[in-house]
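A quick write-up on the structure given underneath.
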Amino acid sequence: MGKITLYGIDGSAPVRSVLLTLNALELPFDYKIVNLFAKEQLKPEFLKMNPQHTVPTLDDDGFYVYDSHAINSYLVSKYGKTDSLYPKDLQERAIVDQRLHYDSSVVGIKLRAILFPVLRLNQTEVSQEKIDGLTEVYDTLELFLKANDYIAAKQLTIADFHIIAVLTTMFAFLELDAGKYPKLSEWVKRIKQLPYYEEANGKRLDQFLGLIKSKNVTIV
């Protein structure tokens, strides 16, 4: 196996989803922080790896992959001892892929609509309409968990890594009501029991939530 390097920032939910996958696969890797505010992602050496200048970016011994969904499916397909995290069965994989697309096309967009103005434009007010968008996500995830203990299957998959990373970030703006979302609440507890959860997501998330708290955001 060649040298694996992950480029990212702790505050990024997509980056944390890749950290969860790397730890689940027990892969050795280097983790390099990219200072987006200092525009390190626009340096020529980074653009050579990723013309979109985004994080996470993975360097697998000179092979570059970006977009967390592509990275995680690649990692499991290449290095997984089994295919449980990303099933080879086409029907099972289709469900995982659907959840991944839901994360990228719905969940991530709703969160970005809140985070970008707060972090990049220094806005301190978030509209109730945007918070309602998070409620819609919680409603859908509760339905996803109706038949199984995990987001896309009876067992843990990379879909769980993506959703837990972004969902726990949403908690900064909308706490999870266990009474309203019992299955989702139990799923969160289940994922947090993973031996690598705290290292890959928990402690990095806490730092990010502290940053959000310092912004004194109000819902209007």
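The set of residues in segment 93-114 being free of Cβ contacts under 8 Å to residues at least 24 places away in the same chain and under 15 Å from A172 (Cα atoms) consists of R112, A113.
Of the residues making up segment 143-159, just one is touching a Ser or Thr at 6+ places or on another chain (Cβ under 9 Å) and in a helix (DSSP H, G or I), namely I158. At least 1 residues being open to solvent by less than 70 Å² (accessible area, probe 1.4 Å) and aromatic (F, W, Y) is the threshold, and among the helices (runs of 4 or more DSSP H) wholly inside segment 23-129 those reaching it are 44-49, 68-79, 90-102.
Taking residues in segment 68-80 that are under 12 Å from D97 (Cβ atoms), and partners anywhere that are open to solvent by less than 20 Å² (accessible area, probe 1.4 Å) and charged (D, E, K, R), the pairs with Cβ atoms closer than 9 Å and at least 6 places apart or on different chains are H69/D103. D97 passes every criterion in (1) acidic (D, E); (2) at pLDDT 95 or above; (3) under 21 Å from F208 (Cβ atoms) apart from (3).
Could you please find all residues in segment 179-195 being open to solvent by 60 Å² or more (accessible area, probe 1.4 Å) and out of contact with any Asp or Glu (no Cβ under 7 Å at 6 or more places or on another chain)? Working first, answer last.
So in segment 179-195, the residues open to solvent by 60 Å² or more (accessible area, probe 1.4 Å) come out as 179-180, 182-183, 186, 189-190, 192-193, 195.
G179, K180, P182, E186, K189, K192, Q193, P195, listed by residue number.
Evaluate segment 159-174: report whether one residue or more is in contact with a strand residue (DSSP E or B) (Cβ under 7 Å, 6 or more places away or on another chain) and either open to solvent by 30 Å² or more (accessible area, probe 1.4 Å) or not acidic (D, E) (or both). Don't jump to the end; show me each part of the working.
In the first step, residues of segment 159-174 are kept if they are in contact with a strand residue (DSSP E or B) (Cβ under 7 Å, 6 or more places away or on another chain); the result is 173.
Restricting the remaining residues to those that are either open to solvent by 30 Å² or more (accessible area, probe 1.4 Å) or not acidic (D, E) (or both) gives 173.
Within segment 159-174, one or more residues are in contact with a strand residue (DSSP E or B) (Cβ under 7 Å, 6 or more places away or on another chain) and either open to solvent by 30 Å² or more (accessible area, probe 1.4 Å) or not acidic (D, E) (or both).
Within segment 209-220, residues that are farther than 13 Å from F171 by Cβ and outside any loop (DSSP other than H, G, I, E, B) sit with their Cβ atoms under 9 Å from residues that are open to solvent by less than 70 Å² (accessible area, probe 1.4 Å) and among the aromatic types (F, W, Y), at 6+ positions apart or across chains, in these pairs: I219/F173.
Could we say that L194 is part of a loop (DSSP other than H, G, I, E, B), more than 22 Å from T124 (Cβ to Cβ) and in contact (Cβ under 8 Å) with a residue 40 or more places away in the chain here?
Details: part of a loop (DSSP other than H, G, I, E, B): yes; more than 22 Å from T124 (Cβ to Cβ): yes; in contact (Cβ under 8 Å) with a residue 40 or more places away in the chain: yes.
It is true that L194 is part of a loop (DSSP other than H, G, I, E, B), more than 22 Å from T124 (Cβ to Cβ) and in contact (Cβ under 8 Å) with a residue 40 or more places away in the chain.
L58: touching a residue at least 60 places away in the same chain (Cβ under 8 Å) and of a type in the set (A, V, I, L, M, F, W, C), yes or no? Taking the combined requirement at face value, the residue does not satisfy it.
Any residue at all in segment 132-155 that's open to solvent by less than 30 Å² (accessible area, probe 1.4 Å), closer than 29 Å to A38 by Cβ and touching a residue at least 24 places away in the same chain (Cβ under 8 Å)? Checked segment 132-155: no residue is open to solvent by less than 30 Å² (accessible area, probe 1.4 Å), closer than 29 Å to A38 by Cβ and touching a residue at least 24 places away in the same chain (Cβ under 8 Å).
The values are calculated or read from the model by the stated rules, or taken from the named source; none is laboratory data. Please read all numbers here as calculations on a predicted model, not as lab measurements. FYI the Cβ positions are ideal-geometry reconstructions off the backbone, even for glycines, and counts take in every protein chain you see. Areas reflect the complete protein model, heavy atoms only, side chains present, ligands, DNA and RNA absent. Shrake-Rupley method; radii C 1.70, N 1.55, O 1.52, S 1.80 Å.
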